[in-house]
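Encoded as structure tokens, the structure appears first; notes follow it.
The values are calculated or read from the model by the stated rules, or taken from the named source; none is laboratory data. Nothing here was measured: the structure is a model prediction, and the numbers come from that model. Here the Cβ positions follow ideal geometry from the backbone for every residue, glycine too, while neighbour counts run over all protein chains shown.
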Amino acid sequence: MSAGRVLVAYLAALALFAQGCGGKKTPEVSEVMVTVPLETALRAADLRAGMDKSSVLKLMGKPSAERALVRKETGESFGSELKYYVYKADPGLVNEKTDRGLSLFFDDSGRLSDAFTNIPELKLDPGLKVRSE
């Protein structure tokens, strides 16, 4: 193969690679990165294990982010998560040391099952499996 053909093939491959890398990917998470007032996050004290997602949304309002939970091995969905950020240092980066918020986890049937918070003043229903820092 001539040097000219190798160069053309190389440049074509490079262009295809750049097009694939530079294109905007569809995000797996619908991240709006809007923070909510602390008062909104504190409403979570009224949440109860087993509440349906629509009731939670009615009480809490629009989340900062929402995503489906999917098993890596099988691609099978096993629930969803709503995030309410009270403080987000960098909208493009998750930083568990500085970000403050609440994550609510729903099972396959859309019922509230777990929560995670690093908001010290937030006390959640003991019926929820609660994780905190």
Within segment 65-108, track down each residue that is within 17 Å of residue 130 (Cβ to Cβ) and polar (S, T, N, Q). 103
Only one of 57, 112, 104, 124 is surrounded by 13 or more Cβ atoms within 10 Å (Cβ to Cβ), closer than 13 Å to residue 40 by Cα and of a type in the set (A, V, I, L, M), namely 57
Given segment 65-133, what strands (runs of 3 or more DSSP E) lie entirely inside it while holding 3 or more residues that are out of contact with any Asp or Glu (no Cβ under 6 Å at 6 or more places or on another chain) and modelled with pLDDT under 90? 129-132
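Yes/no matrix, rows are residues, columns are (1) crowded, with 16+ Cβ neighbours inside 10 Å; (2) touching a residue at least 24 places away in the same chain (Cβ under 8 Å):
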| position | (1), (2) |
| --- | --- |
| 53 | yes, yes |
| 65 | yes, yes |
| 70 | no, no |
| 76 | no, no |
| 83 | yes, no |
| 87 | no, yes |
| 97 | no, no |
Considering only segment 120-128, I want to know if a residue exists there that is touching a strand residue (DSSP E or B) at 6+ places or on another chain (Cβ under 6 Å) and in contact (Cβ under 8 Å) with a residue 60 or more places away in the chain. yes
